[in-house]
Amino acid sequence: MRHRHRSGHQWWDGRFRGCGYRITVPRQVILDALSKTNEHLSAEDMYLKVHKIHPGIGLTTVYRTLEILVGIGLLSKFDFGDGRARYELAEGPKGERHHHHMVCTSCNRVIDYTDFIDEEKDLLNKAEKGLSKKHNFKINGHSIQFYGLCSKCS
Ligand SMILES: [Zn+2]
Ligand SMILES: [Zn+2]
Ligand SMILES: [Zn+2]
């Protein structure tokens, strides 16, 4: 069972090879960090988290690595309106981690939710079918954010 705890046995392994990228230390470290948090980290947040344990990984590397991982489709990048790009692990091949967001426009808190997602799915499927037909557009994903005030701010 020991191999289970080794890094490099995650769903993203195959994705690297498929894209001709190697798994480097910064890439592994950033993916690990994001797989262990529900936060939506900015590059600066990520740098502070990673730099403590891996002093060799600088901010520039973090920026570059995040963008590469977005490009491969392993991370999702969001702009929640606070002027900073934020990143989180993309959903897995079986839809693991699929969720939507509620964003508080006052304190910038971001809440992940999966409640009501089945109801939303029906609606979204209908919309996607209609849209792709009308615009001849192949839809392969969506991201949904609701904006408002959280319980503390309202
Ligand atoms: Zn969804
Ligand atoms: Zn709030
Ligand atoms: Zn999220």
Taking amide H atoms as placed 1.01 Å from N in the peptide plane, list the residues 5 or more away in sequence, or in a different chain, whose amide H sits under 5 Å from that of Lys77. none
Cβ density ranking, 10 Å radius, fewest first, applied to His54, His100, His40 yields His54, His100, His40
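Just from its helices, what would the mean residue ellipticity at 222 nm be for the chain, if runs of 4 or more DSSP H residues each count -39500 (n - 2.57) and the sum is divided by every residue, rounded to the nearest 500 deg cm²/dmol? Intermediate results must be reported in sequence, preceding the final value.
Values: 5 runs with 62 residues, N = 154.
Using -39500 (n - 2.57) per qualifying helix, the result is -12500 deg cm²/dmol.
For Lys129, what is the net charge nearby, where nearby means another residue's Cβ is under 13 Å from its Cβ and Lys, Arg count +1, Asp, Glu -1? Present the calculation step by step, with values, prior to reporting the outcome.
Working: positive: Lys121, Lys126, Lys133, Lys134, Lys138; negative: Asp122, Glu128.
The answer is +3.
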Between Asn136 and Lys121, what is the label-to-label distance in nm when each label sits 7 Å out along the Cα-to-Cβ direction? 3.2 nm
If you filter the stretch 32-121 for chymotrypsin sites (Phe, Trp or Tyr not before Pro), then keep DSSP loop positions with at most 16 other Cβ within 10 Å, what is left? Phe116
Choice from Leu89, Leu59, Leu69 showing the highest fluctuation, given a GNM over the chain with Cα pairs closer than 10 Å: Leu59
How much of the DSSP bridge set in the chain is antiparallel, in percent, rounded to the nearest 5? 70 percent
Where a label projected 7 Å from the Cα of Cys107 along Cα→Cβ would reach, residues of the stretch 131-154 with amide N under 11 Å: 150-154
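Which FRET efficiency value, to the nearest 0.05, do you get for Thr37 and Lys94 by plugging their Cβ-Cβ distance into 1/(1 + (r/R0)^6) with R0 = 22 Å?
Step by step, r from the Cβ atoms, then E = 0.60.
Any read-out appearing in this document is the output of simple, stated calculations on the displayed coordinates, not a laboratory observation. Just so it is clear, the structure is predicted and the values come from calculations on it, not from any experiment. With ideal geometry, Cβ positions are generated from the backbone for all residues, glycine too; neighbour counts draw on all protein chains shown.
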